[in-house]
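Comments concern the structure below.
Nothing in this text is a laboratory measurement; each read-out follows from the coordinates by a stated rule. Since we're looking at a predicted model, the values are computed, not measured. Virtual Cβ from ideal backbone geometry, glycine too; neighbours counted across all protein chains shown.
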Amino acid sequence: MQVDPRGQRFGAALTTAVLIVVLVTGSWVLLAAQAVVFALGTILGLRYAPYGLVFKTFVRPRIGPPQELEAEGPPRFAQGVGLAFALVGVVGYAFGNSWGITWLGILATAFALGAAFLNAAFGFCLGCEMYLLIQRLLGGLRPPDKSKANSDREVPA
């Protein structure tokens with residue numbers, strides 16, 4: 001499936017705002033809510049992610065169709081990476097006072113914030129780049145796809 005890359009940047013901007021509030025307030029409940037947003041995007045797909053629905057309903061009709069689309073796989077993987085950091089952050093904040101690991105919540109949230117900000121501000125998706133790197137690394141371990149083997153050859157005239 002193909003997705004509008006502007007929707008990913010929009011979602012990253014909302015995520016950036018949420019994560020800033022989490023860092024300022026230390027609210028593990030808000031971070032848990034953001035984790036649910038990440039989980040929905042990872043499990044159900046980006047078209048059913050809450051921020052994607054907001055973009056599709058309210059923003060995209062005002063700005064028109066995109067000039068290009070991108071594959072859903074990399075940003076969906078990035079949502080999974082965000083989910084992992086958010087879950088670690090929730091544990092850090094929720095049990096920080098009793099276990100002395102509030103620093104873990106702060107650190108995980110800060111890393112997630114950095115990645116979200118890079119995507120929102122510059123269109124650079126760290127999770128997407130991780131996905132592509134993993135695909136390249138695993139590509140050497142997989143048998144070649146026969147259906148694409150001849151795709152670069154020129155057709156004789």
Taking the Cα centre of region 1-147 as origin and charging only Cβ (+1 Lys, Arg; -1 Asp, Glu), how large is the dipole, in debye to the nearest 20? 220 debye
Listed residues 78, 35, 17, most fluctuating in the chain (Gaussian network, C-alpha, under 10 Å): 17
Rounded to the angstrom and largest first, Cα extents along the principal axes for region 28-80 equal 37, 23, 14
Where the convex hull is taken over the Cα atoms of the chain, what is its projected area averaged over directions, in nm²? 12.5 nm²
Convex hull (Cα only) mean projected area of region 1-51, reported in nm² to one decimal: 3.4 nm²
Within the chain, helix-based [θ] at 222 nm, where runs of 4 or more DSSP H residues each add -39,500 (n - 2.57), nearest 500: -21500 deg cm²/dmol
Of the candidates 48, 27, 87, the farthest towards the positive dipole end of the chain (Lys/Arg Cβ +1, Asp/Glu Cβ -1, centred on the Cα centre) is 48
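How high is the relative contact order of the chain, in percent, with contacts defined as C-alpha pairs under 8 Å that are six or more residues apart?
30 percent
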Between region 15-29 and region 48-94, how many Å separate their Cα centres? 17 Å
Quick test of the membrane-span-like rule: which DSSP H helices of the chain reach at least 27 Å along their long axis (C-alpha atoms) with mean Kyte hydropathy at least 1.6? 102-122
Please report the relative contact order for region 35-95, taking Cα pairs under 8 Å with a sequence separation of at least 6, and give it as a percent rounded to a whole number. 46 percent
